[in-house]
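Have a look at the structure below, then the notes.
The values are calculated or read from the model by the stated rules, or taken from the named source; none is laboratory data. Only a predicted model underlies this, so the values are computations on that prediction, with no experimental measurement involved. A quick note on method: Cβ atoms are made from the backbone with ideal geometry, for glycine too, and the neighbour counts reach across all protein chains shown.
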Amino acid sequence: MQTLESIQNKLESATDLFSVVKTMKAMAAVNIHQYEAAVESLQEYNRTIELGLQIVLRNRTSLLFAKATKPLLGAIVFGTDQGMCGQFNDRIAAFAINEINKIQTDPKNSNILTIGLRVMPPIQDAGLRVHENLSLPGSIGEITSRVQKLALLIEKWRDERGIEQILLFYNKKLSGSSYEPYKFRLLPLDSEWLYQLQAKEWPTRLLPQYTMTFSDLFAALIRHYFFVSLYRAYAESMASENASRLAAMQAAEKNIKERLSELRSQHNHQRQSAITAELLDVVSGFEALRKETPQEPS
């Protein structure tokens, strides 16, 4: 049977843990809002890029994009560096593994880069080799520098390994604390998307003019498109990570509340039993003293 002291220690530990969980829950909620705002801020940026592409592609009847017959695959999987986020890493890893196996029958033809240490083990357990790993940014302000580093690494893949097919795998936030695995093809460019931009009607009567050559301007716009796509992947993944952590903390908070209620009940019961035992000892001692005390003759 547990002692009153041991129950009290468990109560204090559970109370401290409850405080930590509440703090993490609040931080996750704040982070979700920040990363969602970052994703929303990209919409206007992306619209500007599409308008630029719409102009440079206007009246061009043919566009040729070189495609390898069997392009090597470069897969970038976004996970987490920290734990306590439920099935976040397992879900995106399983999704990425399934998609990669559909494209490449030979794992040796797949070049996999992970963002975050905790998504690596499930991918490696599936028999796929993780060639490189990058850490996640600690805040929104660090995303830009990480995107630049990742863009340089992708360029290195293309130059040194001849990789022309780049896929991004990340969790995309839906609503509340829900999210779903998502695949985005960074390269090769989606020809259908480009043709749709080309055929799209310009929103005003006046068409913008440009003095740069088509190839230079097109390349510059595509670089911005890559930046937006990679930045969005980081922000979406980190918003989803915090959504998953929020859900995990809510479940933990519920369990701890139930445990605290159980411990308080045990504590009150044990305390009442101790008080009752002390009262019985006092009464028993009093009765023993009464019997030992000699009665005065009447």
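Tabulated data
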quantity	calculated
Residue in region 156-177 that is among the aromatic types (F, W, Y) and within 30 Å of V30 (Cβ to Cβ) present	yes
Residue satisfying all of: in region 111-130; of a type in the set (G, A, S) and surrounded by fewer than 21 Cβ atoms within 10 Å (Cβ to Cβ); farthest from the chain's Cα centre (by Cα) among these	G127
Selection from region 252-276 of residues that are small (G, A, S) and either in contact (Cβ under 8 Å) with a residue 24 or more places away in the chain or farther than 23 Å from K10 by Cα (or both)	A252, A274
L150, sole failed condition from (1) in contact (Cβ under 8 Å) with a residue 60 or more places away in the chain; (2) assigned to a strand (DSSP E or B); (3) not polar (S, T, N, Q)	(2)
One residue from L168, L221, L187 being within 29 Å of R245 (Cβ to Cβ) and either charged (D, E, K, R) or under 30 Å from the mean Cα position of the chain (by Cα) (or both)	L168
Check on L153, closer than 23 Å to M84 by Cβ, surrounded by 13 or more Cβ atoms within 10 Å (Cβ to Cβ) and either assigned by TED's automatic domain parsing to the domain that holds Q87 or out of contact with any Leu (no Cβ under 6 Å at 6 or more places or on another chain) (or both)	no
Criterion violated by S265 - all others in (1) in the same structural domain as P188 (by TED's automatic domain parsing); (2) of a type in the set (S, T, N, Q); (3) over 18 Å from the mean Cα position of the chain (by Cα) satisfied	(1)
